[in-house]
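Single-structure report; data block below.
Nothing in this text is a laboratory measurement; each read-out follows from the coordinates by a stated rule. Keep in mind it's a predicted model, so treat the numbers as computed, not measured. Every residue, glycine as well, gets a Cβ built from its backbone with ideal geometry; the counts of neighbours run over all protein chains shown.
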C-alpha cells in the first residue's frame, strides 16, 4: 500500500507527553486511577478510543453514501478496555463500539450498514483477529 497520509507522534511513555510531528497534538500522558495513576492526563486507551470512534463514524457515513442511504446524524462511542492477558501475564485490549443511529435506521438496514462499516473501517481491519470488538447498535 502506498500511504496517502502518514501521521507521526512521539511519546515519552505512559507518564509524559505525546506530541504530533505538526504540533497539533500536544498532550500530557498519565496512568488512569484504575491503573494506579493520578489521572492528570490522557492515556493511550483514550486516544485509541477517540481515533477508532472517529474513523468508524466516517466509515459508516461512507458506506451509507455508497448504498445511497442517508445515515443522518450518527454517533459512535468507542470503549477501549485494558486488562490482564492471561496468556502471557501482560496486558490486552478489548473494544466495544456503541453506534447510535437515527430512528429511521433503527432497523435491518441500519444493522447491515454498521456491519459493512466494520468490514470497511481501517481501525476495524487493524484490530480484526487481534482484539475482540463488540458492535452495539443503540
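A few remarks follow.
- Globularity ratio of the stretch 1-42, using Cα Rg and 2.2 N^0.38 Å: 1.45
- Residue-averaged [θ]222 nm for the chain, counting only DSSP H segments that reach four residues, each worth -39500 (n - 2.57): -10000 deg cm²/dmol
- Cα-based helix-to-principal-axis angle, 44-66 vs the chain, degrees rounded to 10: 20 degrees
- Fraction of antiparallel bridges per DSSP, the chain only, in percent to nearest 5: 75 percent
- With respect to the chain, whose longest principal axis is taken over its alpha-carbon atoms, helix 108-120 is tilted by about 40°.
- Two-site label geometry, residue 11 and residue 24: point separation in nm, points 7 Å out along Cα→Cβ: 1.9 nm
- At 1.567 mPa s and 4 °C, Stokes D of the chain from Kirkwood alpha-carbon radius, µm² per second: 78 µm²/s
- The length gained on full extension between residue 3 and residue 73, counted as 0.36 nm times the residue separation minus their Cα-Cα distance, comes to 22.2 nm.
- Among 59, 18, 78, the residue with the largest mean-square fluctuation in a Gaussian network model of the chain, with springs joining Cα atoms closer than 10 Å, is 18.
- Binning all Cα-Cα separations of the stretch 14-94 at 10 Å, short to long from zero, yields these whole-percent fractions: 16, 33, 30, 17, 5.
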